[in-house]
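Engineer: Here it is, the structure, as structure tokens.
The values are calculated or read from the model by the stated rules, or taken from the named source; none is laboratory data. Bear in mind that the values here come from a model prediction, so they are computed numbers and not experimental data. Methodologically, a virtual Cβ is constructed for each residue, glycine included, from the backbone with ideal geometry; neighbour enumeration extends over all protein chains shown.
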Ligand SMILES: [Fe+2]
Ligand SMILES: [Fe+2]
């Protein structure tokens, strides 16, 4: 967390921070180039050419952004071969979100060998939730500009971090059954002293990621507690609920959108007809997102 303490985010027990630091080698998520690029992308008068020049210093970041910009989700009119074109096409906000995504992927690759299979499943869960959040953002006309993607991708990153903290007991803390009921956080607090949502929000705050992203992560199981970020947290929770069904059942068929409490929260907080709109579109969206996730995840 920043020394000033100005950045929001929960506190977590010191022993969890120690184990995370040992497991990851560093608690810093952003390498120097990514940090520099984020600073440029964060300013409203961002110079996109300058941004592309910075990003190009990092080959991994460059190939990652080219891959995402060319994916079916963002559908460029023709394939984009140069990073300059990619940055001009996606704009500064998406560039910022892709930089965070790339760094997250790099941290996720550091999980111990014995939990790598869990990590692949969780990484897919993040991508599916991120993509559905993008689609629902359009459908509900919420006008988020990329933060819904990063929030969806990162909402359960705490589950990856739990695998790093305690690889031996990871499966008993989190059986990966995609049954994310509200009691999941209480169970984790009892076993570890913090929930996956709190651990990931702490990690995001420690790395000085945007406050709305931190709030969406921390409150994705309790959107109504997210204050001014309620809609972003509820959007992620809406997507999460449907994606959990998809990964639990292995199919979109049979999903009952009426069981999605987060869509109801959106409706009661100023998103007209959220439940009906979601109900009409949910099955088709759930059928569509696995292929989109594959197009973004294939390196
Ligand atoms: Fe979660
Ligand atoms: Fe989730």
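Engineer: Would the stretch 228-242 turn up any residue that is surrounded by fewer than 15 Cβ atoms within 10 Å (Cβ to Cβ) and either closer than 18 Å to residue 177 by Cβ or out of contact with any helix residue (DSSP H, G or I) (no Cβ under 6 Å at 6 or more places or on another chain) (or both)?
Structural biologist: yes
Engineer: Being at pLDDT 95 or above, crowded, with 18+ Cβ neighbours inside 10 Å and part of a loop (DSSP other than H, G, I, E, B): is that true of residue 12 here?
Structural biologist: In short, yes.
Engineer: Of all the residues that make up the stretch 234-255, how many are away from ligand 1 (no atom under 11 Å from the Cβ) and in contact (Cβ under 8 Å) with a residue 40 or more places away in the chain?
Structural biologist: Qualifying residue count for the region: 8.
Yes/no matrix, rows are residues, columns are (1) within 25 Å of residue 257 (Cβ to Cβ); (2) touching a strand residue (DSSP E or B) at 6+ places or on another chain (Cβ under 9 Å); (3) within 15 Å of ligand 1 (Cβ to nearest atom):
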{"site": "125", "(1), (2), (3)": "yes, no, yes"}
{"site": "133", "(1), (2), (3)": "yes, no, yes"}
{"site": "148", "(1), (2), (3)": "yes, no, no"}
{"site": "165", "(1), (2), (3)": "no, no, no"}
{"site": "182", "(1), (2), (3)": "yes, no, yes"}
{"site": "185", "(1), (2), (3)": "yes, no, yes"}
{"site": "192", "(1), (2), (3)": "no, no, yes"}
{"site": "198", "(1), (2), (3)": "no, no, yes"}
{"site": "205", "(1), (2), (3)": "no, no, no"}
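Engineer: Go through (1) surrounded by 15 or more Cβ atoms within 10 Å (Cβ to Cβ); (2) part of a loop (DSSP other than H, G, I, E, B); (3) at pLDDT below 95 and name the single condition residue 295 misses.
Structural biologist: Going through (1) surrounded by 15 or more Cβ atoms within 10 Å (Cβ to Cβ); (2) part of a loop (DSSP other than H, G, I, E, B); (3) at pLDDT below 95 one by one, residue 295 breaks only (2).
Engineer: Continuing with the same structure: For residue 180, only one of the following conditions fails: (1) at pLDDT 95 or above; (2) within 18 Å of residue 126 (Cα to Cα). What is its number?
Structural biologist: Every listed condition holds for residue 180 apart from (1).
Engineer: Any idea which residue in the stretch 55-66 is nearest to the chain's Cα centre (by Cα), counting only those that are crowded, with 21+ Cβ neighbours inside 10 Å and farther than 16 Å from residue 107 by Cα?
Structural biologist: That would be 65.
Engineer: Next question, about the same structure. Where residues in the stretch 208-247 are within 21 Å of residue 99 (Cα to Cα) and part of a loop (DSSP other than H, G, I, E, B), which of them is farthest from ligand 2 (Cβ to nearest atom)?
Structural biologist: That would be 208.
Engineer: Scan the stretch 272-285 and give yes if some residue there is under 22 Å from residue 157 (Cβ atoms), within 20 Å of the chain's Cα centre (by Cα) and buried (at least 19 other Cβ atoms within 10 Å of the Cβ), otherwise no.
Structural biologist: Checked against the condition, which is being under 22 Å from residue 157 (Cβ atoms), within 20 Å of the chain's Cα centre (by Cα) and buried (at least 19 other Cβ atoms within 10 Å of the Cβ), the stretch 272-285 yields no hits at all.
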